[in-house]
1. Run the dipole for the range 73-116 about the Cα centre, Lys and Arg Cβ at +1, Asp and Glu Cβ at -1, nothing else charged, and hand back the magnitude in debye, nearest 20.
2. Please give the FRET efficiency for V91 paired with K20, using the beta carbon to beta carbon distance and R0 = 30 Å, rounded to the nearest 0.05.
3. With labels modelled as points extended 7 Å from the Cα through the Cβ direction, what inter-label distance (nm, one decimal) is found for V122 paired with S107?
4. Pairs K64/K114; K79/K112; K20/K51; K57/K114; K51/K116: which exceed 22 Å Cα-Cα?
5. Taking K and R as +1 and D and E as -1, what net charge do the other residues with C-beta under 14 Å from the C-beta of E109 add up to?
Amino acid sequence: SMGDLSVDRDDGLTYTLSPKSVACDGGVQCHELVGTFAPGSASGERAYSKKVIWLRKDSGMQVKTDFFNRQGQLEKIMKVLRSHEEGSRWVVDHIEMRNLLTGHSTSIEFEKRKNKEVPDHVFTVSN
């Protein structure tokens with residue numbers, strides 16, 4: 001459901017890079033970004049109090065995010081279950097968002113992609 005997938009786009013968190021390197025995504029080394037609110041900020045208006053994001057060191061691709069609710073509980077986990085390199089970039093083939101509190105999850109799997117050239121005039125500074 002959309003409830004599984006909904007997250008704050010402008011989350012108001014301040015992210016710091018953890019000094020430790022962690023194994024993730026099948027043993028590949030990842031950077032760990034930890035997002036928290038600055039003391040005194042309006043954190044009570046947000047859905048999440050903290051996020052922990054894992055980015056693959058070799059590609060920079062986000063492979064996992066933990067979402068902590070306002071009570072500090074781990075509420076949702078987003079995982080990239082399958083991806084592949086396409087030319088010079090990595091693309092997601094299968095992603096899952098699991099709500100640990102409700103037990104519900106949503107999975108999106110891409111079976112086929114069409115890459116089309118987008119004319120330069122489509123994108124301007126204003127759009």
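Every number here is computed from the coordinates shown, using simple stated rules; none is lab data. What you are looking at is a predicted structure, and each value in this text was computed from that prediction instead of being measured. All Cβ positions, even for glycine, are placed from backbone atoms using ideal geometry, and neighbour counts span all protein chains on display.
1. In total the dipole reaches around 180 debye.
2. Values: r = 28 Å, r/R0 = 0.92.
E between V91 and K20, to the nearest 0.05, is 0.60.
3. In this crude label model, V122 to S107 measures out at 3.1 nm.
4. Details: K64/K114 26 Å; K79/K112 20 Å; K20/K51 16 Å; K57/K114 28 Å; K51/K116 34 Å.
Table pairs above 22 Å Cα-Cα are K64/K114; K57/K114; K51/K116.
5. On the way: positive: K79, R82, K112, R113; negative: D93, E96, E111.
Local net charge: +1.
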